[in-house]
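Before any comments, here is the structure.
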Amino acid sequence: MTNEKFIGFTMEKTKHIALVAHDGKKKELVEWCDRNKDVLKNHFLCGTGTTAKLIAEKTGLPVKGYCSGPLGGDQQIGSRIVEGGIDFLVFLWDHDPDVRALLRIAVVYDIPVANNLATADFLLTSKFMEETYERRVENFNVTIQERVKAFQK
């Protein structure tokens, strides 16, 4: 185990992009993917059940589908973030209940998040879409050790 305060992760040139949308935002996300399929085709796409299926059918892009959001798809995406398998998240939402857990894990693991199409457009046109990018994540093993030591004093 390393004693470094942060752990570095490299996003490769081919990004792993998670696409998630609540029912009221699915059409908007599908249309965005269709407009941007020339860029998106160069990256690995995944999404929650219905959203992934709709994007694949409308755009012809390959999209790995996880479970539907209400059946745990958001948690599956979250676990892929924890495992280092998602580089950024486009999550168009229109209500709050299931949003916080996925957004929190994205923040903890320092991945870019777009919650609207303007931000998604900025992410997709960033110079970092065509190159590697180093991100830093807090080494929670060190943080826990420090907390235990402070508590024992």
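Couple of notes before you dig in:
- Sequence-distant residues sharing a close amide H with K64 (under 5 Å, placed H): L45, C46, G47
- Selection of GluC sites (Glu not before Pro), the range 10-51, meeting DSSP coil and at most 16 other Cβ within 10 Å: E12
- Average accessible surface for the chain: 58 Å² per residue, computed with a 1.4 Å probe over protein heavy atoms with every protein chain in place.
- Estimated dipole of the range 1-152 in Debye, rounded to 20 [Cβ of Lys and Arg +1, of Asp and Glu -1, Cα centre]: 140
- Loop GluC sites (Glu not before Pro), the range 77-145 (other Cβ atoms within 10 Å of the site Cβ: 12 or fewer; DSSP): E83, E131
- Taking every DSSP beta bridge that has both ends in the chain, the antiparallel portion is near 30%.
- Across the range 89-94, rounded Karplus estimates of 3J(HN,Hα) from the backbone phi angles (6.51 cos²θ - 1.76 cosθ + 1.60, θ = phi - 60°) give 10, 10, 10, 8, 10, 10 Hz, Gly and Pro being marked x.
- Converting phi to 3J(HN,Hα) with the Karplus coefficients 6.51, -1.76 and 1.60 and the offset θ = phi - 60°, the range 19-25 yields 10, 9, 8, 5, 3, x, 10 Hz in sequence order, with x at every glycine or proline.
- Charged side chains reduced to their Cβ positions (Lys and Arg at +1, Asp and Glu at -1) give the range 59-119 a dipole of some 100 debye around its Cα centre.
- Among 14-24, 119-129, the peptide with the highest mean count of other Cβ atoms within 10 Å heads the list, and the full ranking is 14-24, 119-129.
- Across the protein chains, with a 1.4 Å probe defining accessible surface, the residues W32, W93 rank W93, W32 from largest area downward.
- Average Cα contact separation per residue, the range 1-83, under 8 Å, 6 or more apart, as relative contact order %: 26
- Heavy-atom accessible surface of the chain: percent carbon and sulfur, 1.4 Å: 54
- Distance from the C-alpha centroid of the range 105-130 to that of the range 1-59: 10 Å, rounded to the whole angstrom.
The values are calculated or read from the model by the stated rules, or taken from the named source; none is laboratory data. The structure displayed is predicted, hence computed values, not measured ones. Here Cβ is always computed from backbone atoms with ideal geometry, including for glycine, and neighbour counts include all displayed protein chains. Remember, those area values only see protein heavy atoms, side chains included, never the ligands or the DNA or RNA. Shrake-Rupley method; radii C 1.70, N 1.55, O 1.52, S 1.80 Å.
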